[in-house]
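First up is the structure itself, then whatever we jot down about it.
Since every read-out is calculated from the coordinates, none of them should be taken as a lab result. Keep in mind that what you see is a predicted model, and the values were worked out from it rather than measured. We place every Cβ from the backbone using ideal geometry, glycine too, and count neighbours over all the protein chains shown.
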Amino acid sequence: MFITLKNATKKYGEGESLVYALDHANLEIEKGEICVILGPSGSGKSTLLNMLGGLDHLDEGEIIIGERNLSGYKNNKLTEYRKEDVGFVFQFYNLIPDLTVAENIEVVSDISKNPLNVDEVLEAMGMEKYRYRFPKELSGGQQQRVAIARAIIKNPKLLLCDELTGALDTKSSKTVLEFIEKINKLYNTTTVIITHNEAIAQMADRIIYIKDGKVQENRINTEKISASELEL
Amino acid sequence: MKLNKRYSRSIKSNLSFYVSSTILTIMTLFLFFMMNIAGSAIWEFGDDFFETQNLEHANFSTYLPISETEIEELEEDYSVNLEAQYYSNIETDGVTARVFKKTNEINLYSVTEGEDVALNDEIIISEGYAVFNKISLGDQITIGDKAYTITGFFQRPDYLYMLQNEGDSYKNVTTFYLAYVTDEEYEHIGGDNCMYLVRYEEDNQADFRKAINENYYMRTYISEQENMRIDMVKMQAEMFTAISYIILAVMPLSVVVLVIIVINRKVKSEQRLIGTLTALGYKKGKLMHHYAGFAMIPGLFGGIFAVIFAMIFAQPFGEVCLADYEPMRIECQVAPVAAVIAIVVPTVMYVLAAIYSVNKLLKKDTVLLLNGNSEQGERNYKNMLVKNKISFRIKYAMRSLIGNPSRTFVVLLGIFLGSYIALLGYSFLDTMDNTKQNMVDKMGSFEYQYVLNELVEGDPYGGEPVIMSTMENREGEQFSIIGTTDSNPYLQLKDVEGNNVSLDDGYYITSIMAMLQDVQTGDKMILCNQLTLEEFEITVAGIIDNDMQNALFSNRENVANIMSIDEDISNVVMSDVELDIPDSKIIQTIKKADAKEQFQNMSNQMNVMVYFLIGIGAIICVASIYVAVNMLVSENRSNISMLKVLGYKDNQINQIVLNVNHILLPIGFLLSIPLVFASTNWFMVFLADFIGVLPKAYVAPMSFIYTAVLVCCSYFGSLFLLRRKVSKVDMVESLKGNRE
């Protein structure tokens, strides 16, 4: 298994206001899979993504990513983990507005040990001709493609996508998902997509349902279709 | 307005901005207050003390004595107050007591502690000497062979700066003091020195002086303005006042601009909220009112605290600055009007800045505000270096600097202000020191200048004899007139272009005299003989490069003619070695070392003020840089958060975000240098009116280094404090971010 969560627990508040964002959650994901995590708002999806991405610490339990057990990691080790192994794609792209497309990608390649070639990644994402544009000069879909390029430039072992189509129209969403699929195939990157759009789950190798901080279902998608066939 | 509930929460979350802006406001106002209050207090004390104690308008001595009856006649004829001042200098065990006979009308003494003398074995002494030597009331002091009991301490208006001799350059409270005994005891002591004190009631000084000279032969005449014992007090007051206005011209204005820019940026950073509130139906007036509330905090609190601190520290500061004078009872108080202005002006300025910013924002489309895109359509510099292959870090830094001019300006201003204040302090000290070391030599290459009390023919004592006298212009401003030859080895006079001049060509004035009297080559001047008031008209042949002496040079013939003496006669001898001239033949010995000592003393007098300036400069530097870089961090929270998510370590983020301003450090420092030179020169021109010397602004290389180190420490200290702020930025902000 590439990702293993054992009794992962994260609590917020105390006393009567105590909330379990993750409540003894267990799950496993294979290397190279596209995994879609579904669940209603407040179910713990974002908390789970924070934990997988090394952005936060668990209160109890373990997270094992590849050969790393994140549970005992201090902040500097988590930083190292994010730098080497994880790529993030966010709903609102989070590009640095003062940098061009190519420069936004260089922000990551600059600190990576073995980054991919920026030109190749831009070409793969169909953004080569926009390399000198600034984020504000791009559409939402284009910005999200830049965000994906930025995430994969380091050739991460794990790609985490948080509601990556949440701010996009249907056409752009589909294009972005096609690129995710393409990256997955091209680099065998384990990809975790958090969404509440159930249609996206059809392109996943694995579908996980989460509710009230607990994993309700973790199954292999036997009826997987390609992103281009999705009806969003 | 419910919206105002945000105040406490918002202020709490931006506490560092409010604290540092308030500190900046406090410091600049405080600095101005300290200097201005000290200056005003000295003025007020001086004016009051001089008035109540009937300070002389001039003192003089004559070759023939003036009797009491003649004094009364002169008073009546010329509407003056005239009084003889008898005194005796008595040296006992190396300490000189100048015992005065009491005067009744002019230069009245004031008993500041204890009581006046009543018995013949009682004495009152000058307070500065008592304080310095820790003498208490009731102690015994011996003059000659008689011991007196000290019943009181006093001050005289013409001895607030305790010079033993008029030609001395520095106070003496270690081996010299003034004293009064009873009239009966004074007769017993037998004072044989006499000078005359005069107060004019009408504008008839010239007639009076001419009459004195015609009937009693004037020996010396020193006006109140030329008496350093009196004028030093006025100079000190003027010095503080002048510095306060230099500070006023640069500091509060700059700080207000700085804080206004920051407020403007803060309002802009809330454009989404402003857009939302507008969409919810909030009117412009309510929003302006709301943001004005935030903006008034640094102005209001800054003004109030500056006034409070000034009220607490003005008195001790003023007293420390006057340590070289007799203990003056100055009252350093903040004038109510000044306090109100200090509170109201910055507050109003900050509030207006907030109102202006909100108003400007509300002219934009609400949709743009809601999306945080109020700057859409504005010119930006992002496109610079787009196709250049240099690192994204350099591009980011340059766009951050050039694309955010107001933020860059704030950082630059902070560095500039800190450098300016600290360097200004060093500049004052270095200028005095440089004058002492180098400019004094412009006076000539002699080491000794003997002023004789006789006229000599030839050179009976060796050295180089010259003719010298003190003259006045019609306004009573005094200057020296020196008659010598072109071959005088101690005076190789050059004009301002560096060419040698020949005194046979006419009358040359020094560059300082040209400035003080606003006279140029070819102008005509009226010279008045200080003792006889006889007038001469001369034409200025040229300007000599000499900012050390307020003097006019010509050949012996011309000067002898003005002084009505033979041109072979001299009254001053210059020499590079000490000459063997009997003491009885010398009125005064001027050593070049004494002139240097004078500048050392002036430098010493400035020490307190200078170190105060340097300290305040450091605080202003830290506070303003903290405000500016704090703004930088606040405006880059999303980027910082994102960089953290991407795996950047805190120190790497600091390099990208915080260190972009490093380039501004040398720029701000370098920009302050010309203004420091301009300010110092302006101050020295002002000072030249009092001391008759125009020191040239100079900053020693070490002072540049000290200031640079100070500013660097302040700058990097501020960045160090803000690194915590960077490390506190939460990564999750990126995940929740809502940017387009």
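Laid out as a table, the results:
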| item | result |
| --- | --- |
| CD proxy at 222 nm, helix term only [per DSSP H run n ≥ 4: -39500 (n - 2.57); per residue of chain B; nearest 500] | -17500 deg cm²/dmol |
| Rounded Å value of the spacing that divides the Cα centres of the stretch A:199-232 and the stretch B:602-638 | 59 Å |
| The stretch B:160-227 versus the stretch B:1-50: alpha-carbon centroid distance in Å | 46 Å |
| For residues of A:129-138, the mean tally of beta carbons on other chains within 10 Å | 2 |
| Inter-label distance for B:Tyr200 and B:Asn651, nm, one decimal - labels placed 7 Å from Cα along Cα-to-Cβ | 7.5 nm |
| Length gained when the stretch B:Leu273-B:Ser406 is fully extended (0.36 nm per residue, less Cα-Cα span) | 45.7 nm |
| Length released on extending from B:Ile705 to B:Glu187, taking residue separation times 0.36 nm less the Cα-Cα span | 180.3 nm |
| Lys, Arg +1 and Asp, Glu -1 on Cβ, resulting dipole of the stretch B:448-577 about Cα centre, debye, nearest 20 | 180 debye |
| Helix axis angle, A:140-152 relative to chain A longest principal axis, alpha carbon, degrees | 70 degrees |
| Sequence-separation-based contact order of the stretch B:64-216, relative, with Cα cut under 8 Å and 6+ spacing, percent | 35 percent |
| Ordering of B:646-658, B:127-139 by packing [mean C-beta count within 10 Å, highest first] | B:646-658, B:127-139 |
| Unit charges on C-beta of K, R, D, E only; dipole of the stretch B:61-140, Debye | 480 debye |
| Interchain or long-range residues, amide H under 5 Å from B:Glu113's placed H | B:Phe153 |
| In nm, spacing of pseudo-spin labels at B:Leu253 and A:Lys182 (7 Å Cα→C-beta vector) | 6.0 nm |
| Rounded to 10°, Cα long-axis angle of helix B:664-691 versus longest principal axis of chain B | 20 degrees |
| Rounded FRET efficiency, nearest 0.05, which uses the C-beta distance separating B:Glu578 from B:Ile341 and R0 of 45 Å | 0.20 |
| Within 10 Å of each Cβ in A:80-87, the average number of Cβ atoms from other chains | 3 |
| Calculated FRET efficiency for the pair A:Asn76/A:Ile225, C-beta based, R₀ 35 Å, to 0.05 | 0.25 |
| Where labels lie 7 Å past Cα in the beta-carbon direction, separation of B:Tyr611 and B:Val685 in nm | 3.2 nm |
| By average C-beta atoms within 10 angstrom, highest first, the peptides B:281-287, A:4-10, B:569-575 | B:569-575, A:4-10, B:281-287 |
| 10 Å Cβ neighbours from other chains, averaged over peptide A:96-107 | 6 |
| Per-residue [θ]222 nm for chain A (sum of -39500 (n - 2.57) over DSSP H runs n ≥ 4, rounded to 500) | -8500 deg cm²/dmol |
| Ranked packing of A:47-54, B:504-511, A:134-141, most packed first, by mean Cβ within 10 Å | A:47-54, B:504-511, A:134-141 |
| Electrostatic dipole magnitude of chain B [Cβ: Lys, Arg +1; Asp, Glu -1; Cα centre; debye, to 20] | 11100 debye |
| Between the stretch A:1-51 and the stretch B:277-300, the Cα center-to-center distance that results, in Å | 42 Å |
